[in-house]
Amino acid sequence: MRQIVDRDEPISREVWDRDEAIAHFQGIGEIYKAQIIRDIPGGEPISVYRQGEWKDLCRGPHLPSTRHVGKAFKLTKLAGAYWRGDQANAQLQRIYGTAWASDADLAAYLTRVEEAERRDHRKIGRAMDLFHNQEEAKGMAFWHPKGWTLYRTLENYIRRRIEAEGYLEVKTPQILDRSFWEASGHWQKFHANMFTSETAEGEVLAVKPMNCPGHVQIFSHGQRSYRELPLRLAEFDGLHRYESSGSLLGLLRVRGMAQDDAHIFCTDDQIEAESRAFVELLKVVYRDLEVELHCVKLALRPDQRFGTDAQWTVAEDTLERAARAAGVDVERLPGEGAFYGPKLEFHLRDAIGRTWQCGTLQLDYVLPERLDASYIGEDGAKHRPVMLHRAILGSLERFIGVLIEHHAGAFPLWLAPVQVVVATITSDADDYAAKAVGALREAGLRVESDLRNEKVGYKVREHSLAKVPVIAVVGRREADEGKVALRRLGSDGQQVVTLDEAARLLSKEATPPDLR
C-alpha cells in the first residue's frame, strides 16, 4: 500500500456498458461484483475506477491519484462476513482500515478506539454482572438483578420527571391486528421491520414496533374537548422491531426495547410552547445524567411521505422556531424526516467525544387524520389534534449502553446498581458489618456485604473492578469505635467517619437529582 502511494498512480473513472461489465468481472472470477451489477437498476451508469493496471466497480468519487492518500493509514482488523448478510451465502473475509490526514490524527484516532474498547458496554456489562445476550433471543437483553436495578432506577427517574410535567402514563396492547397497522400507515411503510404471526382463525397479527397508534385510540375513546389539550400520554411498554442479525450490537442495536415514549395531543397554537417545554426538559435530564447535548438536527420532508406540502412547511418551521427559542441551534437534514412528519434529533456527546442520537421530537398531522382523531373546539365544531411524538432517552436499552460507555461503568452514586459494599478486615468484625449494612440500607442505600476470608486489599480490588462507588471497610477498631473507613472508586485514600455520618452523607449523595 505504501509503495502504491509512492507511485502516485492516477485514478480515473470510466463508464462501462452493463453487459460488458458483467462479462468482465465474471471472467476474472469477481462473481459478487457481477451480481451487484445485475442488481443495479436499469438506466444507472456502471462506473469503474482504474488505478494503474487495477480496476474496480465503484460509485465513487475518488481522489485524483494515490499520492493524495498520504501515509497516515493503518489496517485494523479482519472479520468474517456473509455475502449480503445472509447466513445461507458464502462467508467472505472483510478487511478493516482507517486513513487520516496526518500521523498525529491517526494516533489520536487509535487512542480513541483503544479507549472505546476499554469502555465497551458488553465487556463492562459482564464485569459488573448487568446483562447478557445469547443466540436464542437475538437482539434482546437478559437483564441480571444488578442490571435490572440500573434499568429501573433510570426508568423511575425519567418517570418522575415527566409526571412532574403533566404526563399521564398509559399501557396499550402488545399485539394488534394487521388492519389496524394498515389504517395507521405503518404496515405499508414499516412492515419489513415488524414481527407478525397468523392465528388458527386466519387473523394476521403484528407485535407493536411503536406506541403512537395505540395512544391515538386512547385519545379517541370518548369525546375530547379543547379544554383537555394539551394531553400528554406516556408509555414505557416493550417494543419489537426486526433488525438484521448482522447489525445487532449488545444494547446499542436491539430487536426488543422500551422507550421513554410519549405523545402530546395539542392544538396548532400549542405546538411551539409544547416543543419548547420538551427541549427544556431534555436539557435538564441530560444535565442530571452528566451527558452533554452536542447538537440538534432537523430532519426534513422525505420524497415518500404523507400529508400536504403546506402541512410539512408549517411543521418544519414550527419545530425550528421552538428549538431556537429553547436556546439550541439547528442543523437542517433534507430528506431525512419520517413519512408522517419532520423530526428534531438530539445528539449527545460522550466522555471520549463520540456522538449518539437519542432524543427525538416529531410533529405529526398525518396519523390523527388517518385514524380519525378529533376534539371539540371552542367553536363547538370538530377539529384534528396535532400529535407530537417525543422521547428524551429513546430506547432505554440503547441509552443504558451509551451511559455504561460514557461513565466506563463508574456511575454516579444515585445510578450505581450497588452503591456500597461493606467489607470486613477480619472475621471478628462480621457482626458489626451486618449492623453497618442494616444502617446504610435503612438510609435508602443499595448495600452488599463481603465477609469472605480474604485480604481486604483483594476485596477492594475486586469490588473496584466491579465499579462499586464506595467500599466501607470495617475491622475490630471500626467496630469498637462505631466507625467505617470509606474508600471511593478511583481514589487511593480513605475517609474514616462514624456509621451515622456515613449513612447521612451517602444517603444525601445517592438521592436522585430530581428529588434533591
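The values are calculated or read from the model by the stated rules, or taken from the named source; none is laboratory data. Owing to the predicted nature of the structure, the values given are computational and were not obtained by experimental measurement. We place every Cβ from the backbone using ideal geometry, glycine too, and count neighbours over all the protein chains shown.
Quick look at the values:
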quantity	calculated
Selection within segment 1-22 - loosely packed, with under 14 Cβ neighbours inside 10 Å and more than 17 Å from Pro45 (Cβ to Cβ)	Met1, Arg2, Gln3, Asp6, Arg7, Asp8, Pro10
Number of positions in segment 387-439 that are within 30 Å of Asn453 (Cβ to Cβ) and not in a strand (DSSP E or B)	23
Condition met for Gly327 (more than 20 Å from the chain's Cα centre (by Cα) and farther than 15 Å from Ser275 by Cα)	no
Failed item, numbered, when Lys146 is tested on (1) modelled with pLDDT under 95; (2) over 17 Å from Ala351 (Cα atoms); (3) of a type outside the set (A, V, I, L, M)	(1)
Selection count, segment 73-103, where residues are surrounded by 10 or more Cβ atoms within 10 Å (Cβ to Cβ) and closer than 21 Å to Gln3 by Cα	11
Set Gly222, Gly214, Gly202: member being surrounded by 15 or more Cβ atoms within 10 Å (Cβ to Cβ), of a type in the set (Gly, Ala, Ser) and either modelled with pLDDT under 95 or assigned to a helix (DSSP H, G or I) (or both)	Gly214
Ile264 being within 26 Å of Glu369 (Cα to Cα) and either of a type in the set (Lys, Arg) or part of a strand (DSSP E or B) (or both)	yes
Of all residues making up segment 358-379, the number that are touching a residue at least 40 places away in the same chain (Cβ under 8 Å) and under 24 Å from Gly401 (Cα atoms)	3
Residue, nearest to the chain's Cα centre (by Cα), within segment 482-491, restricted to residues that are modelled with pLDDT of 95 or more and surrounded by fewer than 17 Cβ atoms within 10 Å (Cβ to Cβ)	Arg488
Complete set of residues in segment 117-142 that are touching a helix residue (DSSP H, G or I) at 6+ places or on another chain (Cβ under 7 Å) and either surrounded by 18 or more Cβ atoms within 10 Å (Cβ to Cβ) or assigned to a helix (DSSP H, G or I) (or both)	Arg119, His121, Ile124, Gly125, Ala127, Met128, Leu130, Phe131, Ala141
Per-region count, segment 361-386, residues of a type in the set (S, T, N, Q) and surrounded by fewer than 19 Cβ atoms within 10 Å (Cβ to Cβ)	1
Residues (within 30 Å of Gln419 (Cβ to Cβ) and β-branched (Val, Ile, Thr)) located in segment 150-195	Thr153, Ile158, Ile162
Candidate set from segment 33-55 (those that are in contact with a Lys or Arg (Cβ under 6 Å, 6 or more places away or on another chain) and among the β-branched types (Val, Ile, Thr)); member that is nearest to Ile22 (Cα to Cα)	Ile46
Qualifying positions in segment 287-320 - of a type in the set (Lys, Arg) and part of a helix (DSSP H, G or I)	Arg287
Residue selected from segment 461-508 under the condition among the hydroxyl-bearing types (Ser, Thr, Tyr) and assigned to a helix (DSSP H, G or I), by the criterion farthest from Arg441 (Cα to Cα)	Ser464
Residue match in segment 186-199 (condition: under 26 Å from Trp143 (Cα atoms), of a type outside the set (S, T, N, Q) and either surrounded by fewer than 17 Cβ atoms within 10 Å (Cβ to Cβ) or not assigned by TED's automatic domain parsing to the domain that holds Ser374 (or both))	yes
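Residue-by-condition table, conditions (1) touching a helix residue (DSSP H, G or I) at 6+ places or on another chain (Cβ under 8 Å); (2) over 18 Å from Gly394 (Cα atoms); (3) surrounded by 13 or more Cβ atoms within 10 Å (Cβ to Cβ):
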position: Arg161; (1), (2), (3): yes, no, yes
position: Lys171; (1), (2), (3): no, no, no
position: Glu182; (1), (2), (3): yes, yes, yes
position: Ala206; (1), (2), (3): yes, yes, yes
